[in-house]
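**Q** Here it is: the structure, laid out below.
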Amino acid sequence: MGNSIGKKIVLTVFGESHGSGIGFCIDNIPAGIKINYEEIEKELSERRPKGIGETGRVESDDYEIISGVFNGYTTGAPLLVIIKNKNIKSSDYDKNKPRPSHADYVAYMKYKGYNDYRGGGHFSGRLTASIVFAGAIFGDELKKRKIEISSHIKKIGSVEDRDYDFNNMEKDFFSLQNKKYKVIDDIEEKVEKEIEKVSKEGDSIGGIIQTAVLNMPIGAGEPMFDSVESELSRGIFSIGATKGIEFGLGFLFADKKGSEVNDEMYMDGDIVKTYTNYNGGINGGISNGMPIVFNVAVKPTPSIYKEQKTINIEKMANDTLVIEGRHDPCIVRRICPVIKNMTRFIIADILMQSRLW
């Protein structure tokens, strides 16, 4: 299993959905980072279920820092954290009937039936709590460098939010702070109704999350294979349910002329800026000083309550499946803090790779 990410600082995630706990280890973490426990709890809280359209499994995320922190600061030793699992109901899962579009079958085949299938085991979204915690550790350090990172719901089903305003991103970031659904426009009620509708149908729905990184210094990223896009994409695709990523204008570039989408430059005092940001703050895999902006496609949750066709592994025959248990009809809201904090971690690692930390 490949459970580690990062080149200068290395994050390793461990645990299973219905095991005694999950957790992570960060190796080569710089000494002297102050642990902001309030920030960690705030981010973990954003990831927890909050009622309509979300799982009934609510974990308190009680954790223990085993090593790497002394008197509230990182020591430079490996930082090891265990997050307890308490709200477990393993009887909802049938090892012989893999859920369509889930990792159940491929995990069974890859690990020859020895995988922990309960709640998806190591492939469960439960493990994203570790990603949120790990990324939150770097929040204050990035802010010291004036780097701000925010994720918002751009789309859920037919309900769509506007993009971040290139000229007023700080204002948009601030407007999201106290919202349950991280949307810029006043559409929270529409989002909730969209999720409630598919929930009542026993179905699920996907969406798009947009993330922006402000004040990234010019020159971060190492071409060709360690570009900013490459590093961020690897991190984002390690999050379950993410199926697509585009930077800046992304796939819309295909229908445009260069004269329409080239980001023309100008001098703002002694600082070089661009009038537009179609390239999402990256040229040649290197940050250009403009906001890094990317969209992530999130697929509908595979665990739905409609009858589905599957196979029976024990009998090696066709079968049907009606899923029981506690599942999210829409995972988009809860993935927002996961993408945000994975981005925090990756940006910190990119800065260290580029000697800009």
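Please treat every number below as a calculation from the coordinates, not as lab data. Just so we're clear, the structure is a prediction, and the values are computed from it rather than from any experiment. Reconstructed Cβ throughout: ideal geometry from the backbone, glycine too, with neighbour counts over all protein chains shown.
**Q** Mind listing the phi-derived Karplus ³J(HN,Hα) values for the stretch 93-108, rounded to whole Hz, using 6.51, -1.76 and 1.60 with θ = phi - 60°, and x for any glycine or proline?
**A** Karplus values, whole Hz, x for Gly and Pro: 10, 10, 5, 8, 10, x, 6, x, 6, 9, 8, 3, 5, 5, 5, 4.
**Q** Which ³J(HN,Hα) values in Hz, rounded to whole numbers, follow from the phi angles of the stretch 328-343 under the Karplus curve 6.51 cos²θ - 1.76 cosθ + 1.60, where θ = phi - 60° and Gly and Pro get x?
**A** Result, ordered by residue: 8, x, 9, 9, 4, 4, 6, 7, 3, x, 5, 5, 4, 7, 5, 4 Hz.
**Q** Taking the Cβ-Cβ separation of PHE70 and SER4 as r and a Förster radius of 30 Å, what is the calculated FRET efficiency to the nearest 0.05?
**A** 0.80
**Q** A further question on this structure: Which loop-located GluC sites (Glu not before Pro) does the stretch 157-208 contain, where loop means any DSSP state but H, G, I, E or B and the Cβ has at most 14 other Cβ atoms within 10 Å? Don't skip to the answer; put the middle values down first.
**A** Values: sites: GLU160, GLU170, GLU188, GLU189, GLU192, GLU194, GLU196, GLU201; in loops: GLU201.
Those that pass, being in a loop and sparsely packed, are GLU201.
**Q** Which of the GluC sites (Glu not before Pro) found in the stretch 57-148 are loop residues per DSSP with 13 or fewer other Cβ atoms within 10 Å of their Cβ? Write out the running numbers ahead of the final one.
**A** Numbers: sites: GLU59, GLU64, GLU141, GLU148; in loops: GLU59.
Sites meeting the loop and neighbour criteria: none at all.
**Q** Sticking with this one: Round to the nearest 10 and give me the degree value, 0 to 90, for the angle of helix 188-200's Cα axis relative to the longest principal axis of the chain.
**A** So the inclination is approximately 20 degrees.
**Q** Compute the length gained on full extension between ALA31 and GLU264: take 0.36 nm times their separation in residues and subtract their Cα-Cα distance, giving the result in nm to one decimal. Display every interim value, and only then the final one.
**A** Values: separation 233, 0.36 × 233 = 83.88 nm, distance 4.09 nm.
Extra length available between ALA31 and GLU264 comes to 79.8 nm.
**Q** So which chymotrypsin sites (Phe, Trp or Tyr not before Pro) in the stretch 142-235 end up in coil per DSSP with only 13 or fewer other C-beta atoms within 10 Å?
**A** Numbers: sites: TYR164, PHE166, PHE173, PHE174, TYR181, PHE225; in loops: TYR164, PHE166, TYR181, PHE225.
Answer in residue order: PHE225.
**Q** Right, next: Can you tell which of PRO98, GLN177, GLY113 lies farthest toward the positive end of the dipole of the stretch 70-193, using +1 and -1 charges on the Cβ of basic and acidic side chains (Lys, Arg; Asp, Glu)?
**A** Farthest along the dipole direction, towards plus: GLY113.
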